[in-house]
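Trainee: Please see the structure below; I have some questions.
The values are calculated or read from the model by the stated rules, or taken from the named source; none is laboratory data. Quantities reported herein were computed from a predicted structural model and do not represent experimental measurements. With ideal geometry, Cβ positions are generated from the backbone for all residues, glycine too; neighbour counts draw on all protein chains shown.
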Amino acid sequence: MSDSITSSLQEHRVFQPSPEFSRRSHVKSMDHYRSLWTRSIDDPESFWAEAARELHWFKTWDKVLDWNEPYAKWFVGAKTNLAYNCLDRQIDAGRGNSTAIIFEGEPYADGKPLEIRKLTYRQLRDEVCQFANALKSIGVKKGDRVTIYLPMTPEAVVTMLACARIGAAHSVIFGGFSSQAITDRVIDAQSHFIITADGGYRRGTTVALKKSVDEALKATDLVKKVIVLKRTGESVNMTPGRDVWWHDAIAGQSNDCPAEPMDAEDLLFVLYTSGSTGKPKGIQHTTAGYMVGTYLSTKYTFDIQPNDIYWCTADIGWITGHSYVVYGALNNGTAVFMYEGAPNYPDFSRFWDIIERHKITIFYTAPTAIRAFMKAGLDYVKKHNLSSLRLMGSVGEPINPEAWMWYHEHIGSSRCPIVDTWWQTETGMHMITPIPGATPTKPGTATLPFFGVDAAIVDRNGNELGPNEGGLLVIRKPWPAMLRGIFNDPDRYKKQYWSDVPGMYFTGDGARRDHDGYFWIMGRVDDVVNVSGHRLGTAELESALVAHPAVAESAVVGIPHEMKGQGLAAFVILKSGYSASDALKKELSDQIAREIGSFARPDQIRFAEGLPKTRSGKIMRRLLKEVAGGGGVKGDVTTLEDFNVIAKLSASDEG
């Protein structure tokens, strides 16, 4: 069977950066981008050393890169500390009284939020040092793993930075995962400490975090100490000798805590990827390379300027929160906005209300959120002034062209560049992204590789494919923020990422490059469907459906088919004002035939209220396959955001 993936979807709209934006940018033209990128590929060690010199080192490196495929060491022999760079370096540069964090809690009444907090860089450093000393007082040492299970509050950032300051590796678990997920991750990380809260706010109710921790710890006796933040005030059980309140832990602690000089390759964190049905997969990131990669990608992708107020909507439980809420953003000395709750509380105005109230200048969110806003309608957007925005971004999955255009026209008023970023938990940093002052953008493509990234589309033997040939997306050279392995499972690291295509990191995604060299991500290779000999990427099929004016979101999966090998089942969510009908099903089938080809007509079209998603917004296509196949859902559903979705889908008309 051929490894090529059929690509039929075409997009010809191109948007140039405005001359005004380019003039003020770090990278001002495509010629400037190309010269930097070429140097970063031809002489990566000198390029990354130059970037690294913008940061603080207790000791500089003996060697920039030690590459023994598939194992990389960056800035060999160097000593640094990421918390020091995010805090002390900013204070030393005169930003001590500048805003580091603006926080808004979810609770809302009488047309305004009930809680807004601001922390300067000096205040944040003091809180980090105080909590770092509290961690030391309960026995946390350099090299320990500390589990963090907190709501999206400043204390979550304080905890991560406190761990980094004293050399303890953190393992953040999204504050919505089940107790079983906590148990699995604590055991795998061999973590003796958990930092949690009584609860958090989500969609107008509270999430009982401490209760989940208590349940999780019934299954393991590894954890010796639990620190509990009082957030919601609800009653919780406190186990004597094990549990201590946050406010008691920091009482009397000094706000002076020297930063531990960390070796470049010391473990910074373990982050477990979601949605796996097997053993948790703990992605390992180390200190120096990750620091340099996230610093430079934040600076250039978001074109960080001195007066920006930057909002990445991701939770710290995901890699986007690690790299682009905490480490990359603070290392650039910008003002980071954090919001605790849901985008639709008390209604779908909340994000636009926040942008207007806080005068957000950079807004970075997920396509799944954008499509939800599309479905909710423009009335929520129109009542707000979004003129403070100067740059917008997209992260988490490919964004279909129609969602891109909606975002561009209605949120960015057709004047803000959009950086559609492709990267992974494993890559640590942006790999393919527009550079906003330089790159002409096209709706639906992440455009071109970031500096130092040698990305290609190849077949299974590593042969590079030509324009518009769909194949495997690989990275051919090491980059600083790359994962250093899978915790407790070194063999799995080599097998999963470095064995499919000889000598290259295989991302797991299918993609194509157009005649301008732009990368179009076509979805996970696991999600490719083989219909009558045509290998089709799900992302293109879904984009074709969303191009119909009635459709807000869609998901397409393969199902067994006697004649074609695989058939297609399409799950469709309609925009408000549209109703399900046989006539609409025919229109959607015709739309696919027009955009992709008649061979791609779906065998099933199901109208749905929602899709099964992980709490990071990724569609769980595995569950959709089980629903469409009629065999019932059997797989792991612990990462689902809304368990009711599956029941409703199972009852939906398959037509």
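Trainee: Any idea which of 436, 449 is within 20 Å of residue 33 (Cα to Cα), in contact with a helix residue (DSSP H, G or I) (Cβ under 8 Å, 6 or more places away or on another chain), of a type outside the set (Lys, Arg) and crowded, with 24+ Cβ neighbours inside 10 Å? Even if it seems obvious, please write down each step before you answer.
Mentor: Details: 449 fails: crowded, with 24+ Cβ neighbours inside 10 Å.
After applying the criteria, what remains is 436.
Rundown of residues vs (1) closer than 20 Å to residue 436 by Cβ; (2) surrounded by 23 or more Cβ atoms within 10 Å (Cβ to Cβ); (3) not assigned by TED's automatic domain parsing to the domain that holds residue 308, yes/no style:
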site	(1), (2), (3)
365	yes, yes, no
377	no, no, no
381	no, no, no
384	no, no, no
389	yes, no, no
402	no, no, no
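For (1) out of contact with any helix residue (DSSP H, G or I) (no Cβ under 7 Å at 6 or more places or on another chain); (2) not aliphatic (A, V, I, L, M), each residue gets a yes or a no:
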position	(1), (2)
472	no, no
484	yes, yes
496	yes, yes
506	no, yes
511	yes, no
544	no, no
550	no, no
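For (1) surrounded by 13 or more Cβ atoms within 10 Å (Cβ to Cβ); (2) closer than 30 Å to residue 497 by Cα; (3) touching a residue at least 40 places away in the same chain (Cβ under 8 Å); (4) assigned by TED's automatic domain parsing to the domain that holds residue 312, each residue gets a yes or a no:
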| site | (1), (2), (3), (4) |
| --- | --- |
| 62 | no, yes, no, yes |
| 68 | no, yes, no, yes |
| 80 | yes, yes, yes, yes |
| 87 | yes, no, yes, yes |
| 92 | no, no, no, yes |
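Trainee: Also, quick follow-up: Go through the range 102-121 and report how many residues are of a type in the set (Lys, Arg) and over 10 Å from residue 338 (Cβ atoms). Explain how you work it out, then say what you get.
Mentor: The first filter runs over the range 102-121 and keeps only residues of a type in the set (Lys, Arg), leaving 112, 117-118.
Going one step further and asking which of them are over 10 Å from residue 338 (Cβ atoms), we end up with 112, 118.
Here the count works out to 2.
Trainee: One residue is enough: does the range 187-205 have a residue meeting the conditions in contact with a His (Cβ under 6 Å, 6 or more places away or on another chain) and of a type outside the set (Asp, Glu)? Show your work before the answer.
Mentor: Of the range 187-205, the ones in contact with a His (Cβ under 6 Å, 6 or more places away or on another chain) are none.
No, that holds for no residue.
Trainee: Then there's this: Considering only the range 13-36, I want to know if a residue exists there that is part of a loop (DSSP other than H, G, I, E, B), farther than 30 Å from residue 503 by Cβ and at pLDDT below 95.
Mentor: Applying the first criterion (part of a loop (DSSP other than H, G, I, E, B)) to the range 13-36 yields 13-14, 16-18, 25-29.
Next, from what is left, pick out any that are farther than 30 Å from residue 503 by Cβ: 13-14, 16-18, 25-29.
Checking the rest, the ones that are also at pLDDT below 95 come to 13.
Checking the range 13-36: at least one residue is part of a loop (DSSP other than H, G, I, E, B), farther than 30 Å from residue 503 by Cβ and at pLDDT below 95.
Residue-wise test of (1) out of contact with any helix residue (DSSP H, G or I) (no Cβ under 8 Å at 6 or more places or on another chain); (2) in a strand (DSSP E or B); (3) free of Cβ contacts under 8 Å to residues at least 60 places away in the same chain; (4) of a type outside the set (Lys, Arg).
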{"position": "171", "(1), (2), (3), (4)": "no, yes, no, yes"}
{"position": "183", "(1), (2), (3), (4)": "no, no, yes, yes"}
{"position": "195", "(1), (2), (3), (4)": "no, yes, yes, yes"}
{"position": "221", "(1), (2), (3), (4)": "yes, no, yes, yes"}
{"position": "244", "(1), (2), (3), (4)": "yes, yes, no, yes"}
{"position": "252", "(1), (2), (3), (4)": "yes, no, yes, yes"}
{"position": "256", "(1), (2), (3), (4)": "no, no, no, yes"}
{"position": "259", "(1), (2), (3), (4)": "no, no, no, yes"}
{"position": "270", "(1), (2), (3), (4)": "no, yes, no, yes"}
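Trainee: Can you find a residue in the range 66-78 that is modelled with pLDDT of 95 or more, part of a strand (DSSP E or B) and under 22 Å from residue 333 (Cβ atoms)?
Mentor: yes
Trainee: Starting from residues that are in a helix (DSSP H, G or I) and under 25 Å from the mean Cα position of the chain (by Cα), keep the ones in the range 93-151 and report whichever is farthest from residue 254 (Cα to Cα). Give the derivation first.
Mentor: Initial filter on the range 93-151 (in a helix (DSSP H, G or I)): 93-95, 121-137.
Subsequent filtering for residues that are under 25 Å from the mean Cα position of the chain (by Cα) retains 121, 124, 128.
Working: 121: 17, 124: 14, 128: 10 Å.
Going through the qualifying residues, I end up with 121.
Trainee: Now, a different point. Report every pair of residues separated by at least 6 positions or lying on different chains whose Cβ atoms are under 9 Å apart, first residue within the range 98-110 and closer than 26 Å to residue 122 by Cα, second at pLDDT below 95 and among the small types (Gly, Ala, Ser).
Mentor: Within 9 Å, the pairs are 104/341; 105/341; 106/204; 106/341; 106/342.
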